[in-house]
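Notes follow the structure.
Nothing in this text is a laboratory measurement; each read-out follows from the coordinates by a stated rule. Because the structure is a prediction, the values reported are computed rather than measured. Note that each Cβ is placed from the backbone with ideal geometry, even for glycine, and that neighbours are counted across all protein chains shown.
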Amino acid sequence: MNIEQMCIAAKAAAMQLASLSTAIKDAALLAMADAFEANCDAIFEANRKDLEAAERNGISGAMLKRLELTEKKVAQMADGVRQIAALRDPVGQTIEGYIRPNGMEVRKIRVPIGVIGIIYESRPNVTADAAALCLKAGNAVILRGGSEAINSNLAIAKVMRDAIIPCGVPEGAVQIVETTDRAAAMELMKMKPYIDCLIPRGGKGLIKTVVENSTIPVIEHLDGNCHVYVDADADLKMAEEIAFNAKVQNPGVCNAMETLLVNEQIAHEFLPKICARLIEAGVEIRACEKARKIVDGLKEATEEDWETEYLDLILALKVVSGLDEAIEHINKYGSRHSDSIVTENYSAARRFTREVDSACVFVNVSTRFSDGYEFGKGAEMGISTQKLHARGPMGVEEITTYKYVVTGSGQLRQ
């Protein structure tokens, strides 16, 4: 099936999905979750082929970790789908309603977007997350994954389709582009008559290509240059644990910390401990001059380091004079993704959350929690760093739109 035929099928399916009952959608999602667990061996076998090819092509360790599917990850995929099934169905919700002086009833009602295209890289679990969220929100979806995960993506898509179609979901509701040909992705970006929204997930290069070439409205998920700022009034043990977790727990993802900012008042006490622990974990630290005077052996940071998303065990470190400089640095170099302050000072926390212009702002929490699953959304379509129409982790509500339903008794405009 070519791209246009897929889009035509998706458009037809979207019309049916918009009126599909909650019971049918939830039954399909639960069947999907069960199928993931029942077909682990087939999924792992496909993933093994991708991992072997990635190693032959010299893919980095951090990227290999994103690509690898483990029993834990498949269990999380299934659990995420079950959480999505348990969510309230957004379709048909009345967002607001009121009666005009002339007796006209106006209701703003949540409806599906229609057909959503997803172009993504590396992480095969996105195949499951995106399909499940779209199904719950009543949208048809066309998935186009990267070449590095093609076998995993196809295996997951087959498991999903085999599970949901018998439950009453229309045939074209979940489709995957089976070729890794770049031309197919470019063609998908031009299918405005059929696709209502395009969501790219991946590196800067992918996002830039989609934004520049798509004729379809795009929800951008840009890079995650995330910061943790350790304030003068921080609990330093808490700060150490948060900073370590934000960098080391999974460095190859967009919500990992890339820059650590430390208040100069506590730098001499805090930096030797956190740097020793990070270095022991294999982190390369690129630091400002003040930090290098406190801790010997750190690599000198350049201007480029402040604006880089490493997605690896590399960290930029800067000692700042206080909250003002921290906020200024984040707003200048950050990607508007996720940033955190560690402090016991209520006023400092309030200023940070108010003045840092990011989709997710944390107080005494690791940036690694910037995630739809961790926010209770079951999963996410991505983390939008733009402001229209969605921002932050995108769950089922963020992939709906609305219509106005107006009811009257013969009112005429004078």
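Below, the figures for the structure above:
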quantity: Unit charges at the beta carbon, dipole of the chain: most positive-side option, Val211, Ile165, Gly252; calculated: Ile165
quantity: In the range 255-414, lysine pairs closer than 19 Å at Cα, eight or more apart or cross-chain; calculated: 10
quantity: Ellipticity estimate at 222 nm from DSSP helix runs (n ≥ 4, -39,500 (n - 2.57)) divided over the chain, nearest 500; calculated: -13000 deg cm²/dmol
quantity: Cα gyration tensor category, rounded, prolate or oblate, for the range 302-414 with a/c compared to 1.5; calculated: prolate
quantity: Candidate lysines for bridging to Lys49, where Cα separation is under 22 Å - those fewer than 8 sequence places away on the same chain excluded; calculated: Lys65, Lys72, Lys73, Lys158
quantity: Only Lys, Arg (+1) and Asp, Glu (-1) charged, at Cβ; the chain dipole about Cα centre in debye; calculated: 1400
quantity: Mean Cβ count within 10 Å, highest first, over the residues of peptides 129-136, 239-246, 370-377, 93-100; calculated: 129-136, 239-246, 370-377, 93-100
quantity: Over the chain, equivalent-ellipsoid semi-axes from the Cα gyration tensor in Å; calculated: 40, 28, 18
quantity: Three-way shape call for the range 68-133 based on the alpha-carbon gyration tensor, with the a/c threshold at 1.5; calculated: prolate
quantity: Pairwise centroid distance, computed over Cα atoms, of the range 1-72 with the range 200-225, Å; calculated: 21
quantity: Packing-based exposure ordering (other Cβ within 10 Å, fewest first) of Cys40, Cys226; calculated: Cys40, Cys226
